[in-house]
There are 2 protein chains.
Amino acid sequence: MRPIPSLAEVEAYLHKHIPLSAGMGIRVVACDATGVTLRAPLAPNINHHSTVFGGSTSAVGILSAWTWLHFALRSAGHTSRLVIQRNTVDYLAPIKRDFEARCTGMPAAQFEEFLRTLDRYGKARASLTAVLTCEGEKVAAFAGDYVAAR
Amino acid sequence: MRPIPSLAEVEAYLHKHIPLSAGMGIRVVACDATGVTLRAPLAPNINHHSTVFGGSTSAVGILSAWTWLHFALRSAGHTSRLVIQRNTVDYLAPIKRDFEARCTGMPAAQFEEFLRTLDRYGKARASLTAVLTCEGEKVAAFAGDYVAAR
């Protein structure tokens, strides 16, 4: 296990390697084995209704789950290539202010199984979800399949 | 029927009302009753693998279908509020260069039915798809449900 990076380090990593995350004003609020929380402000993500653009909602969901899996893999000593294969987003309510996406990753036993599959076959798929909230209200639900490959 | 706006007008509309579309460098390549094509460059949408970030792929798909429906409604004299309800994206191949999303909208008869439902019930749902390509290769498939409400 490698040490879990600080929130500032994770945020700097995202902003450097995925510059759109900086343009969207994404902040890393939490990032550890129990989950990742990303926060994004309304202003850079606004649409013509003065609510959050669906593309931003979707992108923050995608990134929250990706970040959890990326750093969980790194903590376990893996440097696998990680790509998204498929995702679904349900937009439940207009987002009128800053919002958050929270991905709680996978239970430990399931993650261990994922790592075993990756070790054995050189490839493994993880299905992750994220809940998007605005001032405590659930505003969107994200589900994505990611594939790690050695 | 109102006149279809020029590509420059549509692009200016998107960049003004959805500023992230400007940050992503989205250009409007086609916009008429037969479909909308949006193009986006790699650079502002790049990820840590030097391919397009899934959030950008998703956002361009969302925007292509939204743009078609928004301008089709306006051309038909409707100023309905239009929101995305749900979407799915299949990421088929890494996107290594500039890419496009093409939404061909709905067949005329289906769009007429959509307008009749909107007139009668004040609300109607449209299911739209978009195909994302990079140098002619299909790289992602987008499907989204949008709801128009008077």
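For the residues A:R97, A:R39, A:R74, A:R27, the requirement of being out of contact with any Lys or Arg (no Cβ under 7 Å at 6 or more places or on another chain) and either basic (K, R) or closer than 23 Å to B:H48 by Cα (or both) singles out A:R97. Scan A:R86, A:R120, A:R125 and give me the residue that is basic (K, R), outside any helix (DSSP H, G or I), surrounded by fewer than 18 Cβ atoms within 10 Å (Cβ to Cβ) and over 12 Å from the mean Cα position of the chain (by Cα). The unique qualifying residue is A:R125. Please work out if B:T79 is modelled with pLDDT under 95, of a type outside the set (D, E, K, R) and more than 30 Å from A:A12 (Cα to Cα). For B:T79, the condition - modelled with pLDDT under 95, of a type outside the set (D, E, K, R) and more than 30 Å from A:A12 (Cα to Cα) - is met.
If you go through the stretch A:2-25 and keep only what is assigned to a loop (DSSP other than H, G, I, E, B) and either within 14 Å of chain B (Cβ to nearest Cβ) or closer than 18 Å to A:T133 by Cβ (or both), you end up with A:I18, A:M24, A:G25. Residues in the stretch A:65-79 that are at the interface with another protein chain (Cβ under 10 Å from one of its Cβ atoms) and aromatic (F, W, Y): 1 in all. None of B:L42, B:L82, B:L38 is over 28 Å from A:H17 (Cβ atoms) and more than 8 Å from chain A (Cβ to nearest Cβ) except B:L82. Could you please find all residues in the stretch A:41-81 being small (G, A, S), in contact (Cβ under 8 Å) with a residue 60 or more places away in the chain and not in a helix (DSSP H, G or I)? Within the stretch A:41-81, A:A76, A:G77, A:S80 qualify. Does B:V28 fit the bill of being part of a strand (DSSP E or B) and without any contact (Cβ under 8 Å) to a residue 40 or more places away in the chain? Yes, satisfied. Would you check if there is a residue in the stretch B:45-53 being at the interface with another protein chain (Cβ under 8 Å from one of its Cβ atoms), hydroxyl-bearing (S, T, Y) and crowded, with 18+ Cβ neighbours inside 10 Å? No, the conditions are met nowhere in the stretch B:45-53.
Of the listed requirements (1) more than 21 Å from A:C31 (Cβ to Cβ); (2) within 14 Å of chain B (Cβ to nearest Cβ); (3) not polar (S, T, N, Q), A:R97 misses just one: (2).
The values are calculated or read from the model by the stated rules, or taken from the named source; none is laboratory data. A quick note: this is a predicted structure, and the numbers were derived from the prediction, not measured. For neighbour counting, all protein chains shown are included, and Cβ atoms are generated from backbone atoms with ideal geometry for every residue, glycine included.
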